[in-house]
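Here is the structure we will look at.
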Amino acid sequence: MTTKYVTMSVPELNRAELIRRVHERRLTQLNAAETLGVSLRQLQRLYRAYKAEGPAGLVSKKRGRASNRRLPPEARVAAMEAVVSRYADFGPTLAHEKLVELHGVAVSVETLRQWMIADGVWTPNRQRNARVQQPRMRRACLGELVQIDGCDHEWFEQRAERCVLLVFVDDATSQLMELLFCRSESTFAYFTSARRYLDAHGKPVAFYSDKAGVFRVNHKQPKGGEGFTQFGRAMSELNVDIICANTPAAKGRVERAHQTLQDRLVKELRLNNISTMEQGNQFLPRFMSDYNRRFSRPARNPYNAHRPVLSHEDLNDIFTWQENRRVSNNLTLNYKSVLYLLEPTDAARQLRGKYATVYETEDGRVSVKQGGVHLPATAFARDQARVDQAAIVENKLLGAVLEDIRAKQQLRSEQALASPRLTLRDKELIRRSMETAPGTSP
């Protein structure tokens, strides 16, 4: 006796089970039809097929047959000849666009993709050789390499605005060395976090970061040559190197820490009813202690590679924004559209035609020095109302910049409402825009 095997889909198997129960009189045809979602007449047809051929009678008769909507072989040949001859390095989507626009071939993107795969013209992503990430051994000592990065996330969920957490992770031990909530990954935010790190641990051998503009000059042809960023200049003065990773996977310690923090830290902030960055920064040392107790590991070498901050390394000056400006014969210099008049001291007179260094703190205080000597200066603001349009903004700073823009626009709208020149209709339009603007209250 020859055994006959029948291939059935899962819906067909379920249908066969119901029809079998109908045949055994354990289920009525009406209930079976309602269960299958078909009419009673259709259920009766299925039942007759079941009695005549058994479960095989319920298999779709279209299986194995070509679709009635199948394109003729000539269309496939014409399409693939055009793809091979002119669009061999095109992806299926772009090749489809060109075939429709230039050749009038009416074929869907998915059909063309399947043809290109079958003819070996296109290789799906899942079939390509995955990029090999070579493992890298941890560094041997604490403080030898510290991975740093910022993570933009809804840390306080809906209780506060989205912000950034700066994360410093030791490569040898996976310890959290420094955490800081801030508005964006700005230079001054990293200044603050790095100074906290130095005060707590000392100077590491090197920081390992991504290629963000805070850490390296990314312009192909920078006007100032291959110089340092402000953060790079500060680390150079402290004799701390910065190494930039080529891929996120290369600094996997801090990337994995982001995932854990986005889960655990968010929940801890919620449990402790913390809803502001200030409260969060006060809570972070306690969280880091518990995190390191759970997840850190001992270094292979017990030696601590951190170095102390030397007495001549003035962190107050190092962690400022510094730019050189030429001193005119009249003992003046320009910085950010402000004219600074130097007092005519002997040190200032010797700088005529030479450069002095302008120091700016995070709160906007400006001082002028040269060779460690403070040069008293008086500021004369000019063109303060000018607004830089089409300014280039890094992606990581976009959120903070938009907040500043909204605040300025809100102030201008409030000033406009007080103007007697506006009509009542214009004032009403301004009020409506202020009510619907994000981050503003009516």
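Taken over segment 252-267, the criterion of being touching a residue at least 12 places away in the same chain (Cβ under 8 Å) and either buried (at least 16 other Cβ atoms within 10 Å of the Cβ) or touching a Ser or Thr at 6+ places or on another chain (Cβ under 9 Å) (or both) is satisfied by 253, 254, 255, 257, 258, 261, 265.
Residues in segment 206-226 that are of a type in the set (Lys, Arg) and over 16 Å from residue 246 (Cβ atoms) were compared, and the one that is modelled with the highest pLDDT is 220.
One line per residue, one yes/no per condition, for (1) hydroxyl-bearing (Ser, Thr, Tyr); (2) not in a loop (DSSP other than H, G, I, E, B):
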| position | (1), (2) |
| --- | --- |
| 46 | no, yes |
| 51 | no, yes |
| 54 | no, yes |
| 57 | no, yes |
| 62 | no, no |
| 65 | no, no |
| 68 | no, no |
| 76 | no, yes |
| 85 | yes, yes |
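Of the residues screened, residue 173 is one that is of a type outside the set (A, V, I, L, M, F, W, C) and surrounded by 19 or more Cβ atoms within 10 Å (Cβ to Cβ). Within segment 229-245, identify whether any single residue is among the acidic types (Asp, Glu), touching a residue at least 12 places away in the same chain (Cβ under 8 Å) and in the same structural domain as residue 191 (by TED's automatic domain parsing), and answer yes or no. Within segment 229-245, one or more residues are among the acidic types (Asp, Glu), touching a residue at least 12 places away in the same chain (Cβ under 8 Å) and in the same structural domain as residue 191 (by TED's automatic domain parsing). If residue 30 passes every condition in (1) over 30 Å from residue 120 (Cβ atoms); (2) in contact with an Asp or Glu (Cβ under 9 Å, 6 or more places away or on another chain); (3) of a type in the set (A, V, I, L, M, F, W, C) but one, which one does it miss? Failed condition: (2).
Among the residues here, residue 178 does not qualify as assigned to a loop (DSSP other than H, G, I, E, B), among the acidic types (Asp, Glu) and crowded, with 18+ Cβ neighbours inside 10 Å. Which residue pairs have Cβ atoms closer than 8 Å, lie 6 or more positions apart in sequence or on different chains, and pair a first residue in segment 359-376 that is surrounded by fewer than 16 Cβ atoms within 10 Å (Cβ to Cβ) with a second residue that is in a loop (DSSP other than H, G, I, E, B)? Going by the 8 Å Cβ cut-off, the qualifying pairs are 361/320; 376/343; 376/345. Residues being touching a residue at least 24 places away in the same chain (Cβ under 8 Å), within 30 Å of residue 7 (Cβ to Cβ) and charged (D, E, K, R) are represented in segment 66-88 by at least one member.
Taking the criterion of being surrounded by fewer than 17 Cβ atoms within 10 Å (Cβ to Cβ), touching a residue at least 12 places away in the same chain (Cβ under 8 Å) and in a helix (DSSP H, G or I), the residues of segment 289-301 that qualify are 292, 295.
Please specify each residue of segment 154-175 satisfying the condition of being in a loop (DSSP other than H, G, I, E, B) and within 25 Å of residue 295 (Cβ to Cβ). Matches in segment 154-175: 154, 155, 156, 157, 171, 172, 173, 174, 175. Residues in segment 87-108 that are surrounded by 10 or more Cβ atoms within 10 Å (Cβ to Cβ) and either in the same structural domain as residue 23 (by TED's automatic domain parsing) or part of a helix (DSSP H, G or I) (or both): 92, 93, 94, 95, 96, 97, 98, 99, 100, 102, 103. Restricting attention to segment 52-70, which residues are surrounded by 11 or more Cβ atoms within 10 Å (Cβ to Cβ) and either among the aromatic types (Phe, Trp, Tyr) or modelled with pLDDT of 80 or more (or both)? Once the filter is applied, which keeps residues that are surrounded by 11 or more Cβ atoms within 10 Å (Cβ to Cβ) and either among the aromatic types (Phe, Trp, Tyr) or modelled with pLDDT of 80 or more (or both), segment 52-70 yields 53, 54, 55, 56, 57, 58, 59. Of note, residue 396 satisfies the criterion of being of a type outside the set (Ser, Thr, Tyr), in contact with a strand residue (DSSP E or B) (Cβ under 9 Å, 6 or more places away or on another chain), modelled with pLDDT under 70 and not in a loop (DSSP other than H, G, I, E, B). Checking each residue in segment 35-45 for being under 16 Å from residue 11 (Cβ atoms) and surrounded by 12 or more Cβ atoms within 10 Å (Cβ to Cβ) picks out 35, 36, 38, 42, 43.
The values are calculated or read from the model by the stated rules, or taken from the named source; none is laboratory data. A quick note: this is a predicted structure, and the numbers were derived from the prediction, not measured. Glycine also receives a Cβ, built like all others from the backbone with ideal geometry; neighbour counts cover every protein chain displayed.
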